Amino acid sequence: MIFNSNVFLFAFLPVVFGLFWLSKGKQQRYVLLAIAGYVFYGYWDWRFCILLAFSSIVSFVTGLAIDGTESRSRKRAWLIGAVSVDLTLLGFFKYYNFVAANLGIALDWFNVRAQPAALHIVLPIGISFYTFHTISYVVDVANGRVKATRNIAEYFTYVSLFSQLVAGPIVRYRQIEADLEQIDGPPRSDWIAIGIGFFVVGLIKKVIIADHIGAGIDPLLASYANGSIHALTFGQAWTAALGYTCQLYFDFSGYSDMAVGLGYLFSLRIPQNFDAPYRSLGIQDFWRRWHISLSMWLRDYLYIGLGGNRKGKRRTYVNVMIVMLLGGLWHGAGWTFVIWGGYHGVLLIIDRWFHPVFKRYPAILYRAQTFALVVIGWVFFRATSLRMAAGWLRSMFTVGLSRDASLPAAPMVLGWIGIALFAIAFLPETWNFKFGTTRRWAGLYAAGFLVAYLFMNGTNSPFLYYQF
Amino acid sequence: MRFLWAFLGWIGLFAGVLLTALAVVNPRREFSGTRFPALQLDTRQLKGDLFDSSLAHEPPSGVIIGSSRSMNLPTDEFTSVTGERFFNFGVFNATIEDDLAIARYVLAKAPNVRNLVVGIDPQSFDAHIGPLPELTHNARLSTALDGSVDSPLKRAIVIARAYRDALTVAYLADVVKSVRNAAHPPEPAYSFSAEGILQYPKADRERRAGTYNWQQHYAGCAAVQQSEFANYDSLATSKRAMLDSLISEATARGVHIVLWIPPFNPALADSLRGKPAISANYERVVSYLRSRARPPLVTMADEDGTANLPNPTGWYDCMHFDSTNAVAVAHSLATAVRDAGTGNTETVAAR
């Protein structure tokens with residue numbers, strides 16, 4: 001089920017919302033939200049729910065076990081056990097075939113005839129996200145940052161919360177614990193207004209801007225990927241790169257806004273995931289503004305775990321590279337993602353090295369440089385193979401050679417990219433909107449919703465981050 | 001919650017205004033309004049109205065079903081050969097689903113129908129071609145398709161779905177265009193007689209004046225046809241099952257069926273024949289239809305009579321023949337109908 005679908009907007013959401021506010025007491029609301037999460041998730045494939053439930057039970061029990069022992073070694077053993085289970089599940093479902101294929105190539109290289117069998121594995125949607133939820137919970141319990149909950153319904157509500165189950169933001173238990181504890185409170189009209197506002201803005205970002213850009217560049221890139229067209233022209237390559245840069249941002253930040261909005265509708269405050277990332281001054285700044293919940297997760301649970309910057313410069317750079325390579329791989333089982341992560345790792349190191357120099361640039365220049373580097377990185381992120389990425393980049397930087405600067409067949413996409421770039425450059429991030437919460441604003445939100453619905457109706461466009 | 005109620009109230013108000021505008025302007029003729037000019041004809045709706053009206057006056061005993069390529073077959077030619085009254089229920093872009101829905105509707109509403117002439121476009125067996133919104137939004141036919149003609153609940157659901165699906169930017173743009181056209185209505189490209197026969201007033205006027213751009217119409221039509229055939233490599237089981245249902249339900253009531261494949265313009269036919277995959281597929285359709293022939297109740301019309309048309313220039317594009325050729329095709333089909341009724345299968349190719 002996707003947020004921008006009739007079944008979600010006119011059946012699932014009204015029913016869950018109505019039942020939620022009609023139900024009394026924490027336990028009823030936990031159970032309702034947990035069931036709603038499983039219905040939402042099972043709408044794709046009910047078998048996925050088994051995995052979600054298993055992962056939730058393992059981390060819930062581990063949390064109790066860690067909390068119930070004073071022994072550091074036992075805490076550690078429970079923690080390692082639970083994280084291993086989570087990573088094994090993620091590794092098997094997401095990376096088995098990737099590892100098997102590459103192992104096969106490596107064995108072939110050494111003339112070893114054994115080839116690991118490829119398996120027909122269906123990747124459970126959202127597994128990367130809820131695995132990070134459960135890992136963060138057990139790590140936080142083990143480190144004493146959060147007390148393990150004894151209420152399994154509350155924990156299931158946290159893991160399976162439909163607003164952020166499939167594509168984040170990656171919410172830590174401690175970030176939402178206070179709201180979960182007060183979930184039995186009465187509805188707050190201002191939060192409902194803010195929730196609707198966030199949701200409508202997110203819907204507009206997704207169905208009006210991201211989807212129109214996607215409609216222009218996706219067929220072009222699909223044709224290039226499947227070989228129907230042999231090479232992109234200079235104009236096509238840049239249009240596709242800039243288009244994807246905008247599409248990804250409006251799609252994912254639109255989704256995140258909708259998730260935040262849905263959270264508010266149920267009195268749960270979901271943290272910010274974007275902060276005008278394309279206006280960043282440097283790559284370090286970019287990672288503080290793009291997919292914030294993932295960046296912070298990687299920082300707190302991986303980078304700091306590896307020693308962070310406490311063990312000297314060289315080790316810091318090694319840690320940065322490890323984190324970014326794994327961060328890239330987290331997005332998908334493919335070398336393009338690993339290279340994208342590595343590329344950002346190198347940029348982060350350069351940015352650290354030269355930060356004193358870059359700081360002296362005029363801000364607009366530094367911003368433009370950062371943006372250009374990010375755009376180039378998205379080529380690896382979007383390409384379906386290294387060959388495609390290489391060809392695409394070659395077309396972006398060989399205008400003099402090809403002497404062909406023709407643009408995609410759909411010139412409308414340029415208009416949408418222009419609108420998107422204007423919004424990126426000049427409009428405030430959704431979190432900086434001052435959402436009106438009085439009734440006189442209701443008409444504006446309703447008009448926004450209806451306009452977005454006119455664009456959305458009849459289309460079926462999943463969010464880009466659902467694939468990760 | 002007061003904000004929520006206000007929000008929902010505004011949504012209701014805006015949606016109500018929009019839906020009223022859609023219904024009143026009705027640019028695609030799916031709803032009730034007729035004051036503003038239509039931008040595209042909903043032939044399923046229009047033919048349904050004409051058919052219901054014909055039942056009230058002179059009920060037909062034969063019905064022509066098929067796509068736009070069947071739509072200009074003159075019913076009086078059928079009457080002159082068979083002595084029976086016919087109605088042309090051909091609709092634009094007919095799929096097998098349309099054929100089955102129309103047949104079911106006709107059989108439910110007109111018990112005295114004894115003949116069905118079913119024109120089958122070969123590509124309608126392509127699994128990728130599904131029922132169009134014009135069918136799924138048509139209360140009359142979509143309820144017939146799922147076997148629940150006259151079910152008020154199903155009709156209400158279909159109508160609600162039609163309104164919901166009309167809430168799009170494209171539909172709204174059509175509303176604006178239709179309102180704009182109200183001041184200067186463009187010359188209609190199509191019109192229909194009371195018997196449901198399609199006429200091409202604009203194209204006919206241009207042809208008489210020598211201004212009809214045949215090449216352009218041919219090229220546009222041929223490109224669409226070639227692309228439709230490009231990814232079509234097998235006859236979908238579900239589509240065959242639908243045609244089988246049509247045949248079994250009609251013959252169970254003693255209705256005679258004449259199946260036929262409307263011809264392509266010879267130039268397009270040659271071009272398609274030159275492509276082995278398309279040509280093999282075409283042959284599969286022909287042999288499938290032949291396998292369904294059970295004379296005298298189910299027959300397949302003589303292909304020579306429907307494919308070799310007398311007027312080589314009598315075409316609007318790559319697949320739509322004009323009225324001169326339509327008379328010849330109708331004559332051939334009417335002869336098949338007559339012979340099937342009398343048990344004479346000499347002119348019927350049940351090979």
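The values are calculated or read from the model by the stated rules, or taken from the named source; none is laboratory data. These numbers were taken from a predicted model, which means no experiment stands behind them. Reconstructed Cβ throughout: ideal geometry from the backbone, glycine too, with neighbour counts over all protein chains shown. When the accessible area is computed, the model is the full protein with side chains, heavy atoms only, and any ligands, DNA or RNA have been set aside. Shrake-Rupley method; radii C 1.70, N 1.55, O 1.52, S 1.80 Å.
With the cut-off at 1.5 for a/c, could you classify the range A:92-223 from its C-alpha gyration tensor as rounded, prolate or oblate? Verdict is oblate for the range A:92-223. Size descriptors for the range A:1-69, from the alpha-carbon set: Rg then Dmax equal 14.9, 48 Å. Once B binds A, the 1.4 Å probe can no longer reach about 1800 Å² of accessible area, counting both sides. Ordering B:P27, B:G62, B:Q45 by the projection of their Cα atoms onto the charge dipole of the range B:14-68, which places +1 on the Cβ of Lys and Arg and -1 on the Cβ of Asp and Glu, puts B:P27 at the extreme positive end. Note on A:187-195: average number of Cβ atoms from other chains within 10 Å of each residue's Cβ is 3.
Electrostatic bookkeeping for B:P185 treats Lys and Arg as +1 and Asp and Glu as -1; over the other residues with beta carbon under 13 Å from its beta carbon, the sum is +3. With bins 5 Å wide beginning at 0, the percent of Cα pairs of the range A:289-370 falling in each bin runs 3, 14, 20, 23, 19, 14, 6, 1.
Under the rule of -39500 (n - 2.57) per DSSP H run of 4 or more residues, summed and divided by the residues of the protein assembly as shown, what mean residue ellipticity at 222 nm is obtained, to the nearest 500 deg cm²/dmol?
-19500 deg cm²/dmol
For A:K147, no residue whose modelled amide H falls within less than 5 Å of its own remains once neighbours fewer than 5 places apart on the same chain are excluded. Ignoring aspartates and glutamates fewer than eight residues from A:K75 along the same chain, the ones with Cα atoms less than 13 angstrom from its Cα are A:D67, A:D140.
Site pair B:D204 and A:V346 shows an inter-label distance of 7.2 nm when each label is modelled 7 Å from Cα along Cα→Cβ. Near the amide H of B:V298, within less than 5 Å, lie the amide hydrogens of B:I257, all on another chain or at least 5 residues away, with H placed in the peptide plane.
Within the range B:167-190, the residues that become at least 10 Å² less accessible when every protein chain is included than when their own chain is isolated (1.4 Å probe; DNA, RNA and ligands ignored) are B:L167, B:T168, B:V169, B:L172. Karplus-based coupling profile of the range B:226-233, in residue order and whole Hz: 5, 6, 5, 7, 4, 9, 9, 10, with θ = phi - 60° in 6.51 cos²θ - 1.76 cosθ + 1.60 and x standing for Gly or Pro. Averaged per residue, the range A:1-117 has 55 square angstrom of accessible surface, using a 1.4 angstrom probe with ligands and nucleic acids left out.
For the range B:8-50, the pair-distance distribution built from all alpha carbon pairs, in bins 5 Å wide starting at 0, is 5, 24, 22, 19, 12, 9, 5, 2, 0 percent.
On the protein heavy atoms, probe 1.4 angstrom, tell me the percent of accessible surface of the protein assembly as shown carried by carbon and sulfur. In the protein assembly as shown, the share of accessible area belonging to carbon and sulfur is 62 percent.
Projecting the Cα atoms of B:P185, B:A170, B:S279 onto the charge dipole of the range B:170-288, computed from C-beta unit charges around the Cα centre, puts B:P185 farthest toward the positive end.
Using only side-chain charges placed at the Cβ, +1 for Lys and Arg and -1 for Asp and Glu, the dipole size of the range B:2-146 relative to its Cα centre rounds to 520 debye. Bridgeable lysines around B:K275 (alpha carbons under 29 Å apart, same-chain partners fewer than 8 residues away excluded): B:K239.
Its Cα centre serving as origin, the protein assembly as shown has a Cβ charge dipole (Lys and Arg +1, Asp and Glu -1) of approximately 3740 debye. With the alpha-carbon atoms of the range A:193-304 aligned to their principal axes, the span from lowest to highest coordinate is 51, 36, 24 Å, starting with the largest. Per the Debye formula on identical point scatterers at the alpha carbon atoms of the range A:261-413, with no solvent, log10 I(q)/I(0) at q = 0.12 Å⁻¹ is -0.64. Per residue, the solvent-accessible area of the range A:255-390 (1.4 Å probe, heavy atoms of protein chains only, all protein chains present) comes to 41 Å².
With the solvent-accessible surface defined on protein heavy atoms using a 1.4 Å probe, which residues belonging to the range B:9-24 display a reduction of at least 50 Å² in accessible area in the multichain context relative to the isolated chain? Checking the loss per residue gives B:I11, B:F14. Taking the charge dipole of the range A:1-156 about its Cα centre, with +1 at Lys and Arg Cβ atoms and -1 at Asp and Glu Cβ atoms, the residue from A:G81, A:G144, A:H133 reaching farthest to the positive side is A:G144.
Consider a paramagnetic label point 7 Å from the Cα of B:E283 along Cα→Cβ; state which residues of the range B:243-275 have an amide N under 19 Å from it. Only B:261, B:264, B:269-275 pass the distance filter. Rounded to the nearest 20 debye, the dipole size of the range A:283-437 about its Cα centre is 580 debye, using +1 on the Cβ of Lys and Arg and -1 on the Cβ of Asp and Glu.
Among the listed pairs A:K311/A:K359; A:K313/A:K359; A:K206/A:K434; A:K359/A:K434; B:K109/B:K154; A:K26/A:K94, a Cα-Cα separation exceeding 27 Å is found for A:K359/A:K434; A:K26/A:K94. Electrostatic bookkeeping for A:D285 treats Lys and Arg as +1 and Asp and Glu as -1; over the other residues with beta carbon under 13 Å from its beta carbon, the sum is +4.
Heavy-atom accessible area per residue, chain B, 1.4 Å probe: how many Å²?
Details: 15260 Å² over 351 residues.
Ligands and nucleic acids excluded, the figure is 43 Å² per residue.
Let me check I've understood the local charge: for A:G334, count other residues with C-beta under 14 angstrom from its C-beta, Lys and Arg +1, Asp and Glu -1. What total comes out? Mind showing how you got there, number by number?
Details: positive: A:K94, A:R382, A:R387; negative: none.
Result for the neighbourhood of A:G334: +3.
What is the percent of Cα-Cα separations in the protein assembly as shown that go past 52 Å? Present the calculation step by step, with values, prior to reporting the outcome.
Details: 99957 of 334971 pairs.
Within the protein assembly as shown, distances greater than 52 Å cover 30 percent of Cα pairs.
Rounded to 0.05, the FRET efficiency of the B:R164 and A:K147 pair, given R0 = 51 Å and the Cβ-Cβ distance, is 0.60.
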